[in-house]
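Undergrad: So that we are looking at the same thing, I have put the structure below in structure tokens.
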Amino acid sequence: ADTSMAEQPGALHLYPPSRGRFAIPRDHFRFTSAAQFDLTYLSYDAFARDARSPVLFYAGNEGAVELFYNNSGALFTLASRLGARLLFAEHRYYGSSLPFGAASFTPANLSLLSVEQALADYAALLLALPAELGCRSARPSVDPSRPLCDTVLFGGSYGGMLAAWHRVRYPHLSLGAVASGAPVDFYDGVQSRFAAAVNRTFAVYGGKGSGCSSALQAALAAADAATPSQLVAAGVRPCDPMGGDAVERYAFYARGAMASTAMLDYPYQSRFVGLLPPNPVRRACGDLLAPGEPLRRLHSAVLRLVNGTGALRCVDLRAELVGRRPGWWADGSDLGVQSWNYQE
């Protein structure tokens, strides 16, 4: 039977995790307060052979930890082959790891949302792994008073950047890092190569000989040259009144949507960022190649990514596509727009 239309079971179902809460300082670098909060982590040890088994540590990024646990099946395959434990750490200010609880998103409290604080969170957790997981190193300890576990860091996208930066800042706490799709050098030249990769994805997977990549470029050019009234005529409904930069913001938003569609081109239904059908690039190409104005066709393809449930009433042109304004995008995604837009 064709199961491509069905949502595939994720790691949360296949490998039910244990949930931990680790008390951690709100601020690692100022000593005027001893306040702490609980950082959430998920662990799985069914593959571990003994206490000396290695630990594969996922450096959580911009979302609830369950989301990354559920969509990182390759790590479970690797752990089964290595006889390793898995630990997925949640990034501060995402999911349930809120330093100030419901008050975490005030301007003053958001000041503690930074890469440096997140790296220090993971350093503290790495130091605590022997107590948290019952693991220990198979190698002689450099400092017997501070035992460690044999840990390799993993991460994807921003999480990959964190894994790489952790090796720079705290190289003594892990054995290595695998930084997947980590744009630590995402400068002008690299951005053009990324855009070329997105175009190639639409050319190759949008339907052989369909001309989808050309249709995408024409539609994005139409977005660049549009007027606010043309956006409205194309069906764009922004959450806020259109300002003088509405066209620029929409063009950026649409490019982000098409790039995300290319990165999430799974052959089965998924909810990693939003509710997406199987082969979403092919579906988006159906929109881009349909009759009608290029701008309206582009917006149809954008909505396929950001409004898979049909519940979206407006598009937030100020927001990164990986998040949502609470109450606006009810798609089951646990990626947080408030925290991520602050970091961006």
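Undergrad: Per residue of the chain, what 222 nm ellipticity follows from adding -39500 (n - 2.57) for every DSSP H run with n ≥ 4, rounded to the nearest 500?
TA: Mean residue ellipticity at 222 nm (helix-derived): -12000 deg cm²/dmol.
Undergrad: Given a 1.4 angstrom probe, I'd like the percentage of the accessible area of segment 1-134 that is carbon and sulfur, rounded to a whole number.
TA: Its accessible area is 54 percent carbon and sulfur atoms.
Undergrad: Using a/c under 1.5 as the rounded threshold, could you call the chain rounded, prolate or oblate? The axes a ≥ b ≥ c are square roots of the C-alpha gyration tensor eigenvalues, and prolate needs a/b larger than b/c, oblate otherwise.
TA: prolate
Undergrad: Exactly which trypsin sites (Lys or Arg not before Pro) in segment 192-249 are in a DSSP loop and have at most 15 other Cβ atoms within 10 Å?
TA: Passing sites in segment 192-249 are Lys208.
Undergrad: Could you go through segment 233-248 in sequence order and give the Karplus-derived ³J(HN,Hα) for each residue, using 6.51 cos²θ - 1.76 cosθ + 1.60 with θ = phi - 60°, rounded to whole Hz, and x for Gly and Pro?
TA: My calculation for segment 233-248 gives 5, 7, x, 6, 10, x, 6, 10, x, 5, x, x, 9, 4, 5, 4 Hz in order.
Undergrad: Out of all DSSP beta bridges with both ends in the chain, state the antiparallel percent to the nearest 5.
TA: 45 percent
Undergrad: Taking 0.36 nm per residue of separation and subtracting the Cα-Cα distance, what length does fully extending Arg19 through Ser141 add?
TA: 41.1 nm
Undergrad: Which one of Leu148, Leu125, Ala102 has its Cα pushed farthest toward the positive end of the charge dipole of segment 95-178, where Lys and Arg give +1 and Asp and Glu give -1 at the Cβ?
TA: The one lying farthest along the dipole's positive direction is Leu148.
Undergrad: Provide the net charge surrounding Gly20, with neighbours chosen by a C-beta distance below 14 Å and charges set as Lys +1, Arg +1, Asp -1, Glu -1.
TA: Local net charge: -3.
Undergrad: Using 0.36 nm per residue of separation minus the Cα-Cα distance, give me the extension gain between Phe186 and Glu248 in nm, one decimal.
TA: Fully extending the segment from Phe186 to Glu248 adds 20.2 nm.
Undergrad: Oh, and also: If amide hydrogens are placed 1.01 Å from N in the peptide plane, which non-local residues have theirs closer than 5 Å to the one on Gln36?
TA: Arg26
Undergrad: Shifting gears a bit: Would you mind working out the accessible area per residue for the chain, using a 1.4 Å probe, and quoting it in Å²?
TA: In whole numbers, the chain has 48 Å² accessible per residue.
Undergrad: What percent does the relative contact order of the chain come to when contacts are Cα pairs within less than 8 Å and at least six residues apart?
TA: Across the chain, relative contact order equals 16 percent.
The values are calculated or read from the model by the stated rules, or taken from the named source; none is laboratory data. Note that the coordinates shown come from a computational prediction; the quantities given were computed from them, not determined experimentally. Neighbour counts are summed over all protein chains in view; Cβ atoms, including those assigned to glycine, are modelled from backbone coordinates with ideal geometry. Each accessible area value is taken on the protein alone, full model and side chains, heavy atoms only, with ligands, DNA and RNA left out. Shrake-Rupley method; radii C 1.70, N 1.55, O 1.52, S 1.80 Å.
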